[in-house]
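What follows is a short report on a single structure.
The values are calculated or read from the model by the stated rules, or taken from the named source; none is laboratory data. Keep in mind it's a predicted model, so treat the numbers as computed, not measured. Note that we place each Cβ from the backbone using ideal geometry, even for glycine, and neighbour counts take in every protein chain shown.
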Amino acid sequence: MTAQTSQSPWTTFRTWLSRPSVAGVVILAYLLIVIVALLSLNRADLLFPLYSTLVFPPFVLSPFVILASPLDNRIKVTLILVLVVIAMPLIGIYDSSYLELTIQICIFAGLALGLNIVVGFAGLLDLGYIAFFAVGAYSWAMFTSSAETVFFVSGIIVPGWAFYIFIFVGVVLAALVGVLLGLPVLRLRGDYLAIVTLGFGEMIRVLARNADQPINFTNGSQGLLNVGTPPMPQFWVDFIGSIASTLGIRIAGNLEPLAQQMLFYFIGIVILGVIIVAARRLDNSAIGRAWTAIREDEVAAIAMGVPLVKMKLLAFATGAAFAGAIGVLYAAKQSFVSPESFSLIQSISILAMVIVGGMGGIRGVILGAIIVTLLNLQVLKNLSLQLNALRNIDFIVPLINFHIRDWPTQLEPAKYERLVFGLLLVLMMLFRPAGLLPEPRRKLELDMKKRAQPMETPVITSSETGD
Amino acid sequence: MSSETLTPPQVPALDSPWRRLLDSFPVRYILYPVGQMVIFIAGAAGILTLLSVLLALLVPEPRPNIVLMDQIGKQLPGMIISGISIGFVYSMVALGYTLVYGVLKFINFAHSEIFMVGSVIGFEVMQRIEDVGFIQLWHPVALVVTIVGSAMIISGLLAVLIERVAYRPLRNAPRLVPLITAIGISFFLIDFVRAIEAITRNDFNLTYPTGDLSYLRTPIPMTFGETTVNVRITSIIIVLAAVIMLIILNYFVNGTKLGRGIRAVSQDRTTAGLMGINVNLMISITFFVGGALGGAAGALFGLNVGTVTPYVGFIPGLKAFTAAVLGGIGNVTGALLGGLTLGMVESFLNGVLVYFPALGQRYTDIFAFSVLILILIFRPSGLLGERVDEKV
Amino acid sequence: MKISRKLFVLVLVVAMGLMLSATLVNAQDGTVIRIASQSPLSGGQSVVGTAIRNGTELAIMQLAGPLTELGYTVEFVPYDDQATADVGVSNAQLIVNDPAILAVVGHYNSGVAIPSSEVYNDNDLVMVSPANTGVNITDRGYATVNRICGRDDAQGAAGAQFAATLDGVESVYVLHDTTTYGQGVADFFSAEAEAQGLTVLGFEGTEETANFEGIIQPIIALEPDLVYFGGIYDRGGILISQLRTAGYTGVFLGPDGMDSSEFANIAGEAAIGTYYTTTGAPVTVFPEAAQFVEDYTAEFEMDPQPYAAQSYDVTGIIITAITQLIEENGTLPTRAEVAAAVRATTEYQGITGNYTFDDNGDPEMASYYIISVDSSDPALWGSNTILSTQMIPSPLAAMAMMEEMMPEATPGS
């Protein structure tokens, strides 16, 4: 602890912070503050939307803070496990809107990781990724919905416990569709690939919307209602109920829906965990290296003996498989599936998550998913709610004497998610194309390319036969 | 240095009055392109009519009491006319995509929103004229020219601005980056326009104030044999405006020095720069022209349809992109061909599918996407496009 | 390391303890009552959606007096469902997570109401709709779903019966916008039209929102005497405008989705002479509503659109039910209790009529109006001519009436 006169206070602070024990205490304090703050927020407060927007994101981002700290790996894992398995559920029991948010984050993180395989690992820009998600969701919904589909009418309805089997069915189906989609686009590059995949994505949505005539498969634009849910064992419900009563928490709403959401939360965490592990394994394998080769220079990869077709199809299939599994979870959780949930803006949102976080890096992608989902589902919505709460009491902004009542009703922040996404994408591409948590290799790629000569990569190869 | 010294000595027999006539300005730049369009439209209409007749022969009565052949006979003129008018709209937008792709080898995803901005500006201009009063006193041509002209200028400038701010810094970045930027701009524009309309009008369903202008609303009956079709005057305006603009564009690209510069940049950017062409200026001009055409298409579309919203650009933009690819992206004639083809096929499908309830007209949109996908898979260079070989 | 680990575990345990105790300390504020509304506040249907929202807000401002006297604050939370089912469901999940919200006024689109009400029903939260006419809304028999407007089976049939009475109308062409509502009401219209002897020349659904030219082509060629559009005014207005410009001279009929001054705004001259059926009467029909119109115009600086007055009544029903419960029990009621009290509402005298709910949540008697559009001026929408008014009982009420009249009749005889 020698005082070096040449060292700035900031560096001294950082050095002090990087001592494990200090870091540990700081992190614990941080967690404590955030959790206690979260639990002490009162819904009846006027500024509740604002407060919850300020407090919840730090809580959700705490795993990243933990991961970035210089603690021992086992302690990091324990802390994160405690957060995920104990802290979050408790917060969820206290206020199930946070539980809802976290489940959505899990879903989108899984989707972002899947897209990351296609775009980040293999470098194939897929703008229709949401189609695989739709395949998974519809596969479960079609077989369990009470809408008047051909399945319901002929009695081929699947019981709730088949949900766990259908996760695998969703995986397989989506992977199949991924291969089907990948086959025709093998030769395409860059822009063309993007547009074709966009076309496929839209086609799936239009098909879902129109597949109610002449045979009703998907019930068209009215969507599938009452999608099946995995059965809840009674001990689970009782368990949740007893935790709530021992802690004296009054549950808003009924116990069963809360227990159902909790079940989905844990299923989601498990699926996300599996996806993370799978993605990591792939990244560090021969397949991952093949993908990197394809991404960086396809012709050189072929020259080095990388089986292009197989690897590209594998990328599509794997990405699709992740989306398929998540789709089944989503359908069961929402208990309602309609074609409008699978439109272009969803594909772009997921792309935004991958880009904002940092293409290729697993940690970055999850961070991107958290940021974009929170932005979309919490920040913008809460801004609207806050605006409304202020309007209710006819709040007047002090210095400029502006009546909140005069804010035009059409200018509600929650509706302007496209604006935010668009701006986010443009700014990220202009200033930080490698993302917030860039994978070192990608960053190098992008920096090098920026300085290199422009090379006009054509969109089709001359390996086309015929004509 | 005139070009005469560089051309080989002409064989005297070829220097005939015929030749001079064919090479003269009016023929080359007006008659020839218009002739091409007419022949193409006639050909497309002919083929589609043939196909419809074949279908009617195969399936005479798809629904009880409906004889398909009669219905097609009645609808034929209408289908062709509406096909032409929407086809020209697609063509104009497609040109924007194709011009930009030609110079930068880059798909300007934001072009559909430039189309939308054109339609919104058209509305704003018309609404302001209406607010000032006496809109009936304006000469129709002057009114349309003002509306479409302002849409063109503002859309063109917007396109140049976008290029300057978002695309130019990324010219050397890998493929993915400008594409994503374009998507981002597209999204941003949609909600930005919506926000502006929300602030200024608290509503974003923008209805063109054609109420006082009966000449815009009264249809013109045209008789073809037994059937009389009521043609909307806005359809005719679209066709006329489009043809005029296409002729001007054709002259600009093929007959002027600037046009030659643009063609040079699209062939080989670096060499063009070495030859003394101001590459950045050429690119900006290209964006302006493409944007202006898109804006004009938007204003004309708005006049035709009557009500526009900030979301009106997405689907036509996608279809116009299909048209550009269909014709061969990078190829100006191809964009025209592709747009007209897509418009006519769509129109015919709409007219025929209505008699097949099992399918219905909703499948028309599926068709547009399928065309896009099939072309990109089997013939990515399009109808008129060139094969590009990859340099290793 | 060993010392740090022990310290770490100790701190962890303390942390958990503090955390848990924090939950004990906090208590919910028990004197706030919130009523939520869900309707499209943005997008093409926002004119009526905003009317629903405003009507609810005005009702809370004017009718919550008794509750405030009892010591409760009543707050209004409007949500925008953007006429999209997913947004409606997401909002519904947010709504049910706020324990202070005891009732929901909404929606406008049946296709949004149905999935959202699944969420409400799971959480015993009552929804009362001023404008949802889709039959599936109440046919599911949920204890928490109610409405005070009519149903599409009656509305579509009434429309077809009216069409059959028009001179020179023998063939119809039915178009819909593929939503639950539009397709539903078009189905009922079509079925009744055939029963009335009219020829249905075509039944098409389209998602088109702007350029109907391709769809209008075959319509003109088929030459129907009447075109029926099952959908909402933002598309209907454009459709009729383009139909007229294309030279269509026949009749245009629509359901209550056309009922909005915005229809006249969009369609302009083409709106004159069109007809529509509706279950929400124009405010001018009700003498008691005159004060409402004045207050609404003063508060929101716009004329009340269709369904604003109905929302006012819906909110009144909810507030009355809650007040009753508090007076009986002295404490804040649970959501299930509120739902039961709302369902038990008998003879509520609102400004638009007298309401009693049947066992499914439909009003026992609903009124259906057939109205013709006289003027292209949006400000004069409220003075459109009412051609006929029918009071039609809900299916359950009709069955009950029949059983009363014929007690010996066995089902199926």
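Just a few scattered comments:
- Residue match in the range C:66-80 (condition: buried (at least 23 other Cβ atoms within 10 Å of the Cβ), within 11 Å of another protein chain (Cβ to nearest Cβ) and charged (D, E, K, R)): yes
- Residue in the range C:156-171 that is farther than 30 Å from residue C:312 by Cβ, over 18 Å from the mean Cα position of the chain (by Cα) and within 12 Å of chain B (Cβ to nearest Cβ) present: yes
- Pick from the range A:50-105, criterion within 12 Å of chain C (Cβ to nearest Cβ) and in a loop (DSSP other than H, G, I, E, B), ranking: nearest to residue A:383 (Cα to Cα): A:95
- When C:371, C:351 are checked against the criterion of being at pLDDT 90 or above, on the phi < 0 side of the Ramachandran plot and more than 14 Å from chain B (Cβ to nearest Cβ), C:371 stands alone in meeting it.
- Residue list for the range C:221-258, filter: in a loop (DSSP other than H, G, I, E, B), facing another protein chain (nearest Cβ under 10 Å) and either closer than 19 Å to residue C:133 by Cβ or touching a residue at least 40 places away in the same chain (Cβ under 8 Å) (or both): C:223
- Selection status of residue A:248, part of a loop (DSSP other than H, G, I, E, B) and without any contact (Cβ under 8 Å) to a residue 60 or more places away in the chain: yes
- A single entry from A:249, A:240 fulfils the requirement of being more than 10 Å from chain C (Cβ to nearest Cβ), over 30 Å from residue C:183 (Cβ atoms) and crowded, with 17+ Cβ neighbours inside 10 Å: A:240.
- Residue A:188 meets the conditions (1) within 14 Å of chain C (Cβ to nearest Cβ); (2) more than 23 Å from the chain's Cα centre (by Cα); (3) not in a helix (DSSP H, G or I) in every case but one. The failed one is (1).
- Looking across the range C:29-66, the residues that are part of a strand (DSSP E or B) and in contact with a Lys or Arg (Cβ under 6 Å, 6 or more places away or on another chain) come down to C:37, C:39.
- Within the range B:226-259, being surrounded by 15 or more Cβ atoms within 10 Å (Cβ to Cβ) and either of a type in the set (Lys, Arg) or on the phi > 0 side of the Ramachandran plot (or both) holds for one residue alone: B:232.
- From the list B:329, B:373, B:377, B:366, the lone residue that is touching a residue at least 40 places away in the same chain (Cβ under 8 Å) and either of a type in the set (Val, Ile, Thr) or more than 19 Å from residue B:112 (Cα to Cα) (or both) is B:329.
- Matching option when the condition is over 23 Å from residue A:270 (Cα atoms) and of a type outside the set (Ser, Thr, Tyr), among A:85, A:25: A:25
- Hey, residue A:163 in contact with a Pro (Cβ under 6 Å, 6 or more places away or on another chain), farther than 25 Å from residue A:349 by Cβ and away from every other protein chain (no Cβ under 14 Å) or not: yes
- Restricting the first member to the range C:259-282 and to residues that are closer than 24 Å to residue B:204 by Cβ, and the second to residues that are among the charged types (D, E, K, R) and part of a loop (DSSP other than H, G, I, E, B), the beta-carbon pairs closer than 8 Å and six or more apart or on different chains are C:261/C:303; C:264/C:377.
- Residues in the range C:327-347 that are touching a Gly at 6+ places or on another chain (Cβ under 8 Å), modelled with pLDDT of 90 or more and either away from chain A (no Cβ under 14 Å) or not in a helix (DSSP H, G or I) (or both): 1 in all.
- Considering the conditions (1) among the hydrophobic types (A, V, I, L, M, F, W, C); (2) more than 30 Å from residue C:202 (Cβ to Cβ); (3) in contact (Cβ under 8 Å) with a residue 40 or more places away in the chain, residue B:39 is excluded by exactly one of them, (3).
- Restricted to the range B:79-108, and to residues there that are in contact with a Gly (Cβ under 6 Å, 6 or more places away or on another chain) and at the interface with another protein chain (Cβ under 8 Å from one of its Cβ atoms), the residue that is nearest to residue B:381 (Cα to Cα) is B:86.
- Among the candidates A:398, A:458, residue that is modelled with pLDDT under 70 and not assigned by TED's automatic domain parsing to the domain that holds residue A:295: A:458
- Only one entry of B:308, B:354 meets the criterion of being in contact with a Pro (Cβ under 7 Å, 6 or more places away or on another chain), among the β-branched types (Val, Ile, Thr) and at the interface with chain C (Cβ under 10 Å from one of its Cβ atoms), and that entry is B:354.
- Near pairs, Cβ below 9 angstrom, 6+ apart or cross-chain, from the range B:49-78 (away from chain C (no Cβ under 12 Å)) to any residue that is aromatic (Phe, Trp, Tyr) and surrounded by 13 or more Cβ atoms within 10 Å (Cβ to Cβ): B:49/B:348; B:51/B:348; B:52/B:348; B:59/B:355; B:59/B:356
- If you go through the range C:66-84 and keep only what is touching a strand residue (DSSP E or B) at 6+ places or on another chain (Cβ under 6 Å) and more than 10 Å from residue C:36 (Cα to Cα), you end up with C:67, C:72, C:73, C:74, C:81.
- Of the residues making up the range B:198-217, those that are facing another protein chain (nearest Cβ under 8 Å) and within 26 Å of the chain's Cα centre (by Cα) number 5.
- Only residues that are under 20 Å from residue B:99 (Cα atoms), in contact (Cβ under 8 Å) with a residue 12 or more places away in the chain and either at the interface with chain A (Cβ under 7 Å from one of its Cβ atoms) or crowded, with 16+ Cβ neighbours inside 10 Å (or both) were counted in the range B:154-190, giving 18.
- Of everything listed in (1) over 19 Å from residue A:230 (Cβ atoms); (2) free of Cβ contacts under 8 Å to residues at least 12 places away in the same chain; (3) not charged (D, E, K, R), the single unmet condition for residue A:175 is (2).
- Pairs with Cβ under 7 Å, 6+ apart, first in the range A:377-397 and over 14 Å from residue A:51 (Cβ atoms), second assigned to a helix (DSSP H, G or I) and among the charged types (D, E, K, R): A:380/A:417; A:391/A:405; A:394/A:405
- Residue ID - farthest from the chain's Cα centre (by Cα), chosen from residues in the range A:270-288 that are under 15 Å from residue A:361 (Cα atoms) and surrounded by 15 or more Cβ atoms within 10 Å (Cβ to Cβ): A:288
- Across the range C:108-144, the qualifying residues are those that are closer than 22 Å to residue C:356 by Cβ and of a type in the set (Phe, Trp, Tyr), and the one among them that is farthest from the other protein chains (Cβ to nearest Cβ) is C:142.
- Of the strands (runs of 3 or more DSSP E) lying entirely inside the range C:101-181, those containing at least 2 residues that are in the same structural domain as residue C:193 (by TED's automatic domain parsing) are C:171-176.
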